[in-house]
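Here's the structure, in structure tokens; my notes come after.
Please treat every number below as a calculation from the coordinates, not as lab data. Not measured: the values here are computed from a predicted model. With ideal geometry, Cβ positions are generated from the backbone for all residues, glycine too; neighbour counts draw on all protein chains shown.
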Amino acid sequence: MIEILNVVKKFKTNGANFKTAVNDVTFSIRRNEIFGLLGTNGAGKTTILKMLTGQIQPTAGKIFYDGKTFNENLFEIKKMLGVVPQHINFDQELTVEENLELHARLYGMEKIERQNRITELLDYMELAEYRNYNVRKLSGGMKRRLLIARALIHRPKIIFLDEPTVALDPQVRRRIWNLIEELAKNGVTIVLTTHYIEEAENLCNRTAIINAGKLIAENSPVGFCESLGKFTVESADTFKFFHDKESAEKAASLLENSKVRQTKLEDVFIELTERGKNL
Amino acid sequence: MVAPLLYLTAFGWGLGRSVQLQSGTYLDFIVPGIMALNSMNIGFHSIISVHAERVYHKSLEEYLISPIDPKSFLTGKILGAVLKGLISSVIIILTALIFGANLTLSAELFFVLALNTVIFAEVGFYAAMRLATYEEMAQVNTYILLPMSFMCGTFFSTATLPEGLRFFINCLPLTHASQLLRSLTVGGSILFDSLLILAIFAALGFFLSLKALKKCQED
Ligand SMILES: Nc1ncnc2c1ncn2[C@@H]1O[C@H](COP(=O)(O)OP(=O)(O)OP(=O)(O)O)[C@@H](O)[C@H]1O
Ligand SMILES: [Mg+2]
């Protein structure tokens, strides 16, 4: 569905200096999967999403949607995409409803459909009573819910969510997870970034780990844990990984205060980013 | 909108009625100048809210992500500025008439006013796409627009200026807007050279603004 080939992004910093935010990244996103981009702060996740949504151009490399580049098929591709940015970007002069209405018009929706869809999504996000509020008057979490609602109005086929559950309370976070799973069931492709590794572990079919602009590994959450070792022996602040339970237990018995547990995606993430090792 | 009305009152009504030039009163002389500088200011100021939309609210992203042609977006913003420019021009004209100015009104006059608004809306748009801070936007006003509003044949004729300075001032669009408007308000013909120069500025401004819009998220 989306092919990302040797994509590089350099930003001009001061004068003639450049910062390489994304460094020769190649991967693909399949139709109807939930794909997670994981990485530490400044790894390049947002920059990758911005290139995938056509907001900025890669310095080098190519991006294909069903074999077509953005330039070949710009408006058709844009119509398929829904984008939930990392930061709030509403029109501050407008109300909740007007912001959604603006979006629906930008995507050329008919009036009746616009109205129905706005009502439906405001209900789903529990924002119905704020319909006529100026967006400035919403709480942080409400704004984030509204961002998601807005991205869904035109029924996109691919949705990009840049840290969708930041600053949301646990109930709402659950709701967003359910929504994402529901969308995926209905044939929508989802690309998300997150710092909550647990979120990626529960939701994603596949994840890519980005570190300092480079894609260092790509796998399913289970696949990642299996290739590192399904069992973790944890003692004090050291971790050792084993493929079978027996050797894990044996190793644990030789260490003080140690315990054996299942490896989590978080272990893989830390192992790959912090200690810079490769699988 | 307040400043041009004050100029009109102080220099035009207060001072201008008693000062006689060969061609009529000083009031008649400065009314087209004030129309020119007013259409410039309205053009610039009614579009620069896109700076906040780009830098602070980031709401510009919504348009850049959506399947909207950037050309349409830019055109819409410019037309919005032109509408405001024309409304305020009508107010200036009415005020001037109340003060007793002699003005010939024509469709060409309004066309030139609209064209001048377009040019400075584009200047504002381009600046809004390229400059990082609001302070820098204010500097465009202080160091470019404000000097132009006094020097470009608005309050006095450029004919008496030293050669080098006059050449420089003749390269600026506002000079041509003032000259065109002055010729039209006294019932003269349209100055084709000046019109061509304004058209070139407008086309160039559109091209540069569009380019800046497409690249505005790159840094
Ligand atoms: N417009 C820009 N100009 C210059 N450098 C930039 C720009 N945007 C991003 N960068 C740099 O590129 C790198 C990657 O940034 P990016 O926002 O993609 O990270 P991220 O993975 O989304 O981080 P976070 O988890 O904090 O959101 C960072 O070092 C950042 O400083
Ligand atoms: Mg980010």
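Quick look at the numbers
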read-out: Within the protein assembly as shown, percent of DSSP bridges classed antiparallel, to nearest 5; value: 65 percent
read-out: Rg(Cα)/(2.2 N^0.38 Å) for region B:45-107, N = residue count; value: 1.63
read-out: Partner chain coverage, peptide B:60-71 - average Cβ within 10 angstrom; value: 6
read-out: Cα long-axis angle, helix A:140-152 against chain A (0 to 90 degrees, to the nearest 10); value: 70 degrees
read-out: Per-residue [θ]222 nm for chain A (sum of -39500 (n - 2.57) over DSSP H runs n ≥ 4, rounded to 500); value: -11000 deg cm²/dmol
read-out: Nearby aspartates and glutamates by direct alpha-carbon distance to A:Lys185 (threshold 18 angstrom, same-chain neighbours under 8 apart not counted); value: A:Glu33, A:Glu199, A:Glu201
read-out: Gain on full stretching of the segment that runs from A:Glu249 to A:Thr119 - 0.36 nm per residue minus C-alpha separation; value: 41.2 nm
read-out: Fraction of alpha-carbon pairs over 25 Å apart in region A:1-113 - percent; value: 34 percent
read-out: FRET efficiency for A:Thr238 and A:Gln262, using Cβ-Cβ distance with R0 set to 25 Å, rounded to 0.05; value: 0.90
read-out: Label-to-label distance, nm, for residues given as A:Gln86 and B:Ile200 (7 Å Cα→Cβ offset); value: 4.5 nm
read-out: From the C-alpha gyration tensor of chain A, square roots of 5λ in Å; value: 37, 24, 17
read-out: Burial ordering of A:His195, B:His176, B:His57, fewest other beta-carbon atoms within 10 Å first; value: A:His195, B:His57, B:His176
read-out: Entries of A:Lys137/B:Lys215; A:Lys50/A:Lys230; A:Lys45/A:Lys157; A:Lys9/A:Lys264; A:Lys78/A:Lys143 with Cα pairs more than 29 Å apart; value: A:Lys137/B:Lys215; A:Lys50/A:Lys230; A:Lys9/A:Lys264
read-out: Net lengthening on full extension, A:Glu198/A:Lys12 (0.36 nm per residue, minus Cα-Cα); value: 63.5 nm
read-out: Computed log₁₀ I(q)/I(0) - Debye formula, equal Cα scatterers, no solvent, the protein assembly as shown, q 0.07, 0.08, 0.09, 0.13 Å⁻¹; value: -0.53, -0.64, -0.76, -1.17
read-out: Two-site FRET efficiency, A:Ala128 against B:Ser106, from Cβ-Cβ distance with R₀ of 51 Å, rounded to 0.05; value: 0.40
read-out: Average partner coverage of A:44-51, which counts Cβ from other chains inside 10 Å; value: 1
read-out: Inter-probe distance in nm under a simple model that places probes 7 Å from Cα toward Cβ, at B:Gln20 and A:Glu110; value: 7.2 nm
read-out: More than 23 angstrom apart: percent of Cα pairs within region B:83-219; value: 41 percent
read-out: Likely footprinting exposure, A:Tyr107, B:Tyr126, fewest C-beta neighbours within 10 Å first; value: A:Tyr107, B:Tyr126
read-out: Distance (nanometres) between label positions extended 7 Å along Cα→Cβ at B:Tyr56 and A:Gln171; value: 3.5 nm
read-out: Debye-sum result for region A:124-218 in log10 I(q)/I(0), which assumes one identical scatterer on each alpha carbon, at q = 0.19, 0.24 Å⁻¹; value: -0.98, -1.37
read-out: Mean-position separation - Cα centroids, region B:140-219 and region A:217-279, in angstrom; value: 70 Å
read-out: Residues A:Val22, A:Val84 arranged by fewest to most Cβ contacts within 10 Å; value: A:Val84, A:Val22
read-out: Candidate aspartates and glutamates for bridging to A:Lys245, where Cα separation is under 15 Å - those fewer than 8 sequence places away on the same chain excluded; value: A:Glu226, A:Glu234
read-out: Computed helical MRE - 222 nm, chain B, DSSP H runs ≥ 4 contributing -39500 (n - 2.57), nearest 500; value: -22000 deg cm²/dmol
read-out: Mean Cα-pair separation over length for region B:87-193, i.e. relative contact order, pairs under 8 Å, 6 or more apart, %; value: 39 percent
